Amino acid sequence: MRIAEVIGRVTLNRCHPSLRAASWKIVVPLDRKGLAGDAAGRGEPFVIYDELGAGHGSLVGVSEGAEAAAPFHPDVKPIDGYAAAILDSVETE
């Protein structure tokens with residue numbers, strides 16, 4: 001799981017029927033420097049599936065790959081990234 005910041009949303013014209021009732025968000029992964037506010041600690045943006053309702057600027061815990069689809073078992077959803085949690089705060093030392 002990685003920590004990412006929501007920087008935008010995706011609007012779909014059509015989607016797979018199993019993906020209704022949620023939204024797609026554009027997120028940028030953050031490393032330790034990124035969490036401290038350094039632009040060098042931000043990765044390449046990617047798209048995730050969000051059922052939790054994260055807003056612009058929210059920090060989310062992102063599951064990727066096979067783990068992203070695991071919460072929906074036995075239903076099959078064609079996703080590769082999933083917002084598993086909305087984070088209230090993150091503390092680093």
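Every number here is computed from the coordinates shown, using simple stated rules; none is lab data. What you see is a predicted model, and the numbers here were worked out from it, not measured in a lab. Glycine also receives a Cβ, built like all others from the backbone with ideal geometry; neighbour counts cover every protein chain displayed.
Taken together, the residues in region 27-54 that are exposed (fewer than 11 other Cβ atoms within 10 Å of the Cβ) and assigned to a loop (DSSP other than H, G, I, E, B) amount to 2. A search for C-beta distances below 7 Å between a residue of region 67-84 that is over 18 Å from G53 (Cα atoms) and any residue that is loosely packed, with under 13 Cβ neighbours inside 10 Å and not small (G, A, S), counting only pairs 6+ apart in sequence or on different chains, returns P78/H16. Checked against the criterion of being under 9 Å from the mean Cα position of the chain (by Cα) and free of Cβ contacts under 8 Å to residues at least 24 places away in the same chain, the candidates I26, I48 yield just one match: I26.
Scanning region 56-89 for residues that are in a loop (DSSP other than H, G, I, E, B) and loosely packed, with under 12 Cβ neighbours inside 10 Å yields a count of 10. Of these, G81, G65, G43, G37, which one is more than 18 Å from M1 (Cα to Cα) and of a type in the set (G, A, S)? That would be G37, the only listed residue that is more than 18 Å from M1 (Cα to Cα) and of a type in the set (G, A, S).
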